[in-house]
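**Student:** Handing you a structure now.
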Amino acid sequence: MAEQDLPATGREWHLAARPQGWPVPADFALVEAPVRQPGPGEITVRNAYLSVDPYMRGRMNDVKSYVPPYALGAPMDGGAVGHVVASRAEGFEVGDAVLHGLGWREYATLDAAHAVKVDPELAPLSAYLGVLGMPGLTAYAGLLEVASFQEGDSVFVSGAAGAVGSLVGQIARLKGAKRVVGSAGSAEKVATLVDDYGFDAAFNYKDGPVADLLAEVAPDGIDVYFDNVGGEHLEAAIGALHVHGRVAMCGAIAQYNDTSAPAAPRNLALAIGKRLRLQGMLVGDHGALRGRFLEEVGGWLRDGSLRYDETVVEGVENAAEAFIGLLRGANTGKMVVQV
Ligand SMILES: NC(=O)c1ccc[n+]([C@@H]2O[C@H](COP(=O)([O-])OP(=O)(O)OC[C@H]3O[C@@H](n4cnc5c(N)ncnc54)[C@H](OP(=O)(O)O)[C@@H]3O)[C@@H](O)[C@H]2O)c1
């Protein structure tokens, strides 16, 4: 088979050093690397959008976890969407839009079995990294399956202006929550939660002790806490939860850059008397829900009852900065890099 028309090289991000605490630009290196021709069964994709996600911080540490750590001096990976520019795989044509796992680079050559075709007519490509992708399913499965949300529940979600949190609050509202409250890290984000996403109330967690701020917006307590943050937020939620309350432990971003053990929650024993259920989750366990998720969330997007935001950073050369910005709260909604 003839060589297909591809550039000789493309740019890709390598992990240059393991971050100590907060990542810094010097931990990352943008490298010019050969673009490999597809072999039998493979496709080459020109990436259009790259995902930067909080879980990637954990992969920068050299520790055993549910995903292997990034290797030093090798390309990082992660979610990406783009267009097929060369194909030796049946069923994949040049021009097809696909979602796959070789992000952090301009061009990706991969086994077509690891790519999923997506419909650019149905939603903008970047949506498959956010509201219709991994964070969307995390919100849907975490609230409905892990936290066993019921109509009439009062729900508190942290990280509420982010990719997952902004959807959790809206899904709870659409499913008949009694009250939906959230926390985020700026006055602008708090206004967005109430004005754009329909939260009943919200607070800026930087304004004081989280337990006090939560008591102001949820004076009658909560039934469900969707935890994206951990630490002081989790402690405040344990205090505010009703008997038989439920917590979806989705993330603990407040401690991802910590170099010592977190100080909170100090009140975990309250879970005994309140008969609380705190359950960890990984979105990968909830693939069976994908069909229902796409149908229901797709419907809400079409009829305008669900909103989503994206923070788009332009240029593959700015991907490391976008990732560091994500950890610092530079995003509202899903943080993506437009290649
Ligand atoms: N378990 C799973 O399968 C799964 C899947 C996807 C995501 N997650 C987790 O879900 C959480 C949200 O992920 P996402 O992709 O939607 O990210 P995101 O919320 O869009 O972005 C991260 C946000 O975290 C907030 N943040 C950073 N440091 C914080 C701190 N010390 N205290 C409180 N908030 C802080 C920032 O917003 P502010 O301006 O509000 O601080 C930032 O915008 C993360 O913990 C992630 O690890 C878990």
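**Student:** Go through the range 139-164 and give me each residue that's open to solvent by 10 Å² or more (accessible area, probe 1.4 Å) and near the ligand (Cβ under 10 Å from one of its atoms).
**Tutor:** G159, G162, A163, V164 - these are the residues of the range 139-164 that are open to solvent by 10 Å² or more (accessible area, probe 1.4 Å) and near the ligand (Cβ under 10 Å from one of its atoms).
**Student:** List pairs: first in the range 273-295 and more than 12 Å from the ligand (Cβ to nearest atom), second assigned to a helix (DSSP H, G or I) and basic (K, R), Cβ under 7 Å, 6+ apart or cross-chain?
**Tutor:** From the range 273-295, no pairs qualify.
**Student:** Any residue at all in the range 252-259 that's under 19 Å from the mean Cα position of the chain (by Cα) and acidic (D, E)?
**Tutor:** Scanning the range 252-259 turns up no residue that is under 19 Å from the mean Cα position of the chain (by Cα) and acidic (D, E).
**Student:** Grab the strands (runs of 3 or more DSSP E) fully contained in the range 63-114, keeping just those with 1 or more residues being within 27 Å of P19 (Cβ to Cβ) and touching a Lys or Arg at 6+ places or on another chain (Cβ under 9 Å).
**Tutor:** So the answer is 80-87, 107-111.
**Student:** Go through A320, A330 for me and flag whichever is among the hydrophobic types (A, V, I, L, M, F, W, C), in a loop (DSSP other than H, G, I, E, B) and either closer than 29 Å to P75 by Cα or free of Cβ contacts under 8 Å to residues at least 24 places away in the same chain (or both).
**Tutor:** Every option except A330 fails the conditions.
**Student:** Look at E296 and say whether it is open to solvent by 50 Å² or more (accessible area, probe 1.4 Å) and in contact with a Pro (Cβ under 8 Å, 6 or more places away or on another chain).
**Tutor:** Against the criterion (open to solvent by 50 Å² or more (accessible area, probe 1.4 Å) and in contact with a Pro (Cβ under 8 Å, 6 or more places away or on another chain)), E296 does not qualify.
**Student:** Another question, if that's okay. What residue, among those in the range 302-317 that are in a strand (DSSP E or B) and out of contact with any Lys or Arg (no Cβ under 6 Å at 6 or more places or on another chain), is farthest from the ligand (Cβ to nearest atom)?
**Tutor:** If we take residues in the range 302-317 being in a strand (DSSP E or B) and out of contact with any Lys or Arg (no Cβ under 6 Å at 6 or more places or on another chain), then E314 is farthest from the ligand (Cβ to nearest atom).
**Student:** Continuing with this model, one more query. Looking at the range 321-335, which of the residues that are under 18 Å from E12 (Cα atoms) and under 16 Å from the mean Cα position of the chain (by Cα) is surrounded by the fewest Cβ atoms within 10 Å (Cβ to Cβ)?
**Tutor:** I324
**Student:** Sticking with this structure for a sec: Quick one: V67 ticks every box in (1) without any contact (Cβ under 8 Å) to a residue 24 or more places away in the chain; (2) crowded, with 17+ Cβ neighbours inside 10 Å except a single one, so which number is it?
**Tutor:** Single failed check for V67: (2).
**Student:** Mind listing just one residue for me: the one in the range 213-243 that is among the charged types (D, E, K, R) and away from the ligand (no atom under 16 Å from the Cβ) and, of those, nearest to L306 (Cα to Cα)?
**Tutor:** Once the filter is applied, the top-ranked residue is D223.
**Student:** I'd like the full set of residues that are without any contact (Cβ under 8 Å) to a residue 12 or more places away in the chain and more than 22 Å from G130 (Cα to Cα), limited to the range 188-222.
**Tutor:** Matches in the range 188-222: D207, G208, D212, P219.
**Student:** Let me ask something else about it. Specify the residue that is farthest from G130 (Cα to Cα); the eligible residues are those in the range 165-187 that are open to solvent by 30 Å² or more (accessible area, probe 1.4 Å) and either assigned to a helix (DSSP H, G or I) or near the ligand (Cβ under 8 Å from one of its atoms) (or both).
**Tutor:** In this case the residue turns out to be A187.
**Student:** Restricting the search to the range 10-34, which residues are touching a Ser or Thr at 6+ places or on another chain (Cβ under 9 Å), in a strand (DSSP E or B) and open to solvent by less than 60 Å² (accessible area, probe 1.4 Å)?
**Tutor:** A33
The values are calculated or read from the model by the stated rules, or taken from the named source; none is laboratory data. This is a predicted model, so every value here is computed, not measured. Positions of Cβ are backbone-derived with ideal geometry, glycine not excepted, and every protein chain shown enters the neighbour counts. To get the accessible areas, we keep the full protein, side chains included, count just its heavy atoms, and leave off ligands, DNA and RNA. Shrake-Rupley method; radii C 1.70, N 1.55, O 1.52, S 1.80 Å.
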